[in-house]
Amino acid sequence: MTIRPRLAWLAIALAASLPYLPAVDDYFVNDDFGVVSLLSEKPASAFFGWFTRTWMDDIWGSTPDELRPFPAVTYQLTSLWGAGSPIANHLLNIAFHVANALLVYAVAVTAAGLPVPAATWAALAFALLPSQAETVAWVTGRVDSMPAAFYTAAFLAYVVWRARTCSTGAHRFYLASIALYFVALFTKQNTVTLPVAIVLYDLIVARRPMRVTWAWLSPYVPFVVMTAGFLLLRYVRFGEAARESYFGTEAVALFVETSGRHLQRLVAGQVMSGAAVAAAVAVAGAVVVGLAFRSDIDRGHAARTVVFFGVIWTALGIAPTLLATYESPRHIYLASVGSTIAFAIGGTVAWHSRLSRLVKPAVATVGALVLGFYAVRLQAGVRDWGVRARVSHQAVVDLEREALASPEGSLVIAGAPVSSWRWSLPFAARPPFARSDLTRRVTLLYPELLHCCSLRWVQDARRALETWASRTDAPPVIVLEWDASTGRLSRITDREQPYLRSVMRELRNVSDPLAFRSALASVVNPLR
């Protein structure tokens, strides 16, 4: 099978972009509101300060241990389009995904030695993997696609330098690799694994003999020194180099549990039956190994590249989640670079079997079916994010309308769906999403999961109730609830339900946080 590289690049770019075009005008959801509202207001000079202080200030009620100047500046740039418009953010997310898919192709050809058809399949599988929907369709998902781009580009530049060491100008690729790694580090801290990746690539794939000499060590020194400096800077600024205080038996247990689901996402693109996925991988692996002994390709090279990309790269991509405090499909975005290349290597081994007359049609059919399955599931994932965005936008519009139409000082209880508005308030009620700061006109109260700062929620909610109850003009109580699937607004006030006023006054005296949460939920739930 012959595929011209330029045709392959076009197919990859289309596969990485077309499924996400419906998401271009999807509205902001969840913590997009906080990130966009904060960074769109920052001056250009703030960029340099983000190298030594967190990019999020304390808008979440705590100081995140994140030095991310390069993602931060992208929000400043997209806000030039209009901070309240999500279009530029989505276009940038799609551009990073296209770049990453093309990088998968380049790494597959250059580092794994795959032919153009196999490398194209790897890039298409990466582009269409359903679990990528969160990373690309969600504005804030950029915090994983962006570091993956610089990490993979740095690795690719290093491999090209190794291959052209004796060529004129080869040092430019080495310097580019160092520069790209610097950007990757200050994009997200999970990229600290790159030095391990390039050393193991040299040892396993390139079979560079290990020597305890300066000539052998020197190429790695800039990467190791940069990593050490970055971790030291984190320790100085945040008291921890790599969230080591989080490491413990509970973190390990959570990591083991989530890793199983992450592996399912890498294979099937979603969480499915773990046993079924494991069985499918085992059978496919056994078939490929069996065919390898009847294949004309270099079995040793194939085995080494599968180990590196399928095991080592994937493990390095997942390993940082050991210190993550939550599980997210986007956490396997970088790992999927290696897994899709490994699958393509397996397909190449089978394709070149001496039983090619029987095997090639099977390999082509399986490869096409996998891409088709991914494409269908990806479409469903993008559609799901579209629903969340439409509901989010409807909630913003309805809340602003209600706040402006209600008497000043009204107590407005906003029960928006968590899938659309987790951590979104009070940001979603302020510019650039609303024309004015609605929290200055009405008193907003909302469930804990919608609040930016969970540690402060009870305190802030009580303060809101006290502010409302202290007014002598007895402003009304308005309860709003949006359907998570349609965005349809349900609304009641103390005029229809007089008990709401007494319930809200009594809620001020509830001291137990659990009882406080339950009481507020009982007000919103009847509307669902």
With all protein chains in place and a 1.4 Å probe, Lys42 shows an accessible area in Å² (nearest 10) of 50 Å²
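When the helices in the chain are scored as -39500 (n - 2.57) per DSSP H run of 4 or longer and the sum is shared across all residues, what 222 nm value do you end up with, to the nearest 500 deg cm²/dmol?
The helix-only estimate for the chain comes to -18000 deg cm²/dmol at 222 nm.
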Rg (one decimal) and Dmax (whole number) from the Cα set of segment 85-214, in Å, equal 15.9, 55
Applied in sequence order to segment 333-349, the curve 6.51 cos²θ - 1.76 cosθ + 1.60 (Karplus, θ = phi - 60°) yields integer Hz couplings, x standing for Gly and Pro, of 4, 5, 4, 5, 4, x, 5, 5, 5, 4, 4, 5, 5, x, x, 5, 4
Inter-part gap, Cα centre of segment 457-509 to Cα centre of segment 120-146, in whole angstrom, is 40 Å
For segment 413-500, the per residue accessible area (1.4 Å probe, Å²) is 46 Å²
When the charge dipole of the chain is computed with +1 on Lys and Arg Cβ and -1 on Asp and Glu Cβ about the Cα centre, the Cα farthest towards its positive end, among Leu323, Phe173, Thr74, belongs to Phe173
For segment 364-510, the Cα-Cα pair-distance distribution in 10 Å bins from 0, as whole percents, is 11, 36, 29, 11, 7, 4, 2, 0
With +1 on the Cβ of every Lys and Arg and -1 on the Cβ of every Asp and Glu, the dipole magnitude of the chain about its Cα centre, in debye rounded to the nearest 20, is 1560 debye
Note on segment 165-263: contact order normalised by length, alpha-carbon pairs under 8 Å, 6 or more apart, percent, works out to 19 percent
Kirkwood calc, segment 142-219, C-alpha pairs only, radius in angstrom 13.1 Å
Using the Kirkwood formula on alpha carbons, the hydrodynamic radius of segment 106-148 in angstrom works out to 11.5 Å
Computed over segment 469-528, the relative contact order (Cα-Cα under 8 Å, seq sep at least six) in percent reads 33 percent
One finds the C-alpha centres of segment 163-211 and segment 377-426 to be spaced, in Å, by 45 Å
For segment 331-397, the percent of all C-alpha pairs falling in each 5 Å bin, from 0 up to the bin holding the max distance, is 3, 14, 13, 17, 14, 11, 9, 7, 5, 3, 2, 1, 0
For the chain, averaging the sequence separation of alpha carbon pairs under 8 Å that lie six or more residues apart and dividing by its residue count, the contact order in percent is 18 percent
Treating every alpha carbon of segment 1-157 as one equal point scatterer without solvent, the Debye formula yields log10 I(q)/I(0) values at q = 0.09, 0.12, 0.19 Å⁻¹ of -0.34, -0.57, -1.12
Per residue, accessible area of segment 158-263 with a 1.4 Å probe, heavy atoms of protein chains only, in Å², comes to 54 Å²
Packing-ranked peptide list from 119-128, 91-100, 414-423, highest mean Cβ count within 10 angstrom first, is 119-128, 414-423, 91-100
For segment 45-60, Karplus-derived ³J(HN,Hα) couplings (6.51, -1.76, 1.60; θ = phi - 60°; whole Hz; x for glycine and proline) come out as 5, 5, 3, 5, x, 6, 6, 10, 9, 4, 7, 9, 6, 10, 5, 9
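I'd like to know how segment 373-451 sits against the 2.2 N^0.38 Å rule of thumb: what's its Cα Rg over that expected value?
Values: Rg = 14.8 Å, N = 79, 2.2 N^0.38 = 11.6 Å.
Rounded to two decimals, the normalised Rg is 1.28.
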Among Ala228, Pro476, Trp313, the residue whose Cα sits farthest towards the positive end of the charge dipole of the chain (+1 at Cβ of Lys and Arg, -1 at Cβ of Asp and Glu, taken about the Cα centre) is Trp313
With all protein chains present, the chain has a carbon and sulfur share of its accessible area (1.4 Å probe) in percent of 64 percent
Share (percent) of C-alpha pair distances in segment 34-108 greater than 21 Å works out to 37 percent
Of 136-143, 500-507, 169-176, 388-395, ordering from highest average Cβ density within 10 Å down gives 136-143, 388-395, 500-507, 169-176
D (µm²/s, integer) via Stokes-Einstein for segment 30-71, Kirkwood Rh across alpha-carbon pairs, 25 °C, 0.890 mPa s: value 231 µm²/s
Row for the chain, column shape: gyration tensor on C-alpha, a ≥ b ≥ c, rounded if a/c < 1.5 i.e. under 1.5, prolate if a/b over b/c, else oblate; value prolate
Looks like segment 428-477, by Cα gyration tensor root eigenvalues a ≥ b ≥ c and the a/c under 1.5 rounded cutoff (else prolate when a/b is bigger than b/c, oblate otherwise), is oblate
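How would you order 340-349, 63-72, 215-224, 47-56 from highest to lowest mean count of nearby Cβ atoms within 10 Å? Provide the component values of the computation, followed by the final result.
Numbers: 340-349: 26.1, 63-72: 19.0, 215-224: 13.8, 47-56: 16.3.
Most protected by this proxy first, the peptides run 340-349, 63-72, 47-56, 215-224.
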By the C-alpha gyration tensor axes a ≥ b ≥ c (rounded if a/c is under 1.5, else prolate when a/b exceeds b/c, else oblate), the shape of segment 435-528 is rounded
extent check for segment 1-67: Cα max minus min per principal axis, descending, whole Å, gives 55, 27, 21
Once amide hydrogens are built 1.01 Å from N within the peptide plane, the residues lying 5 or more places from Ile492 or on another chain with amide H under 5 Å from its amide H are Val479
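The values are calculated or read from the model by the stated rules, or taken from the named source; none is laboratory data. A quick note: this is a predicted structure, and the numbers were derived from the prediction, not measured. Cβ atoms come from the backbone with ideal geometry, glycine included; neighbour counts cover every protein chain shown. What goes into the accessible areas is simple: the full protein's heavy atoms, side chains included, and nothing from ligands, DNA or RNA. Shrake-Rupley method; radii C 1.70, N 1.55, O 1.52, S 1.80 Å.
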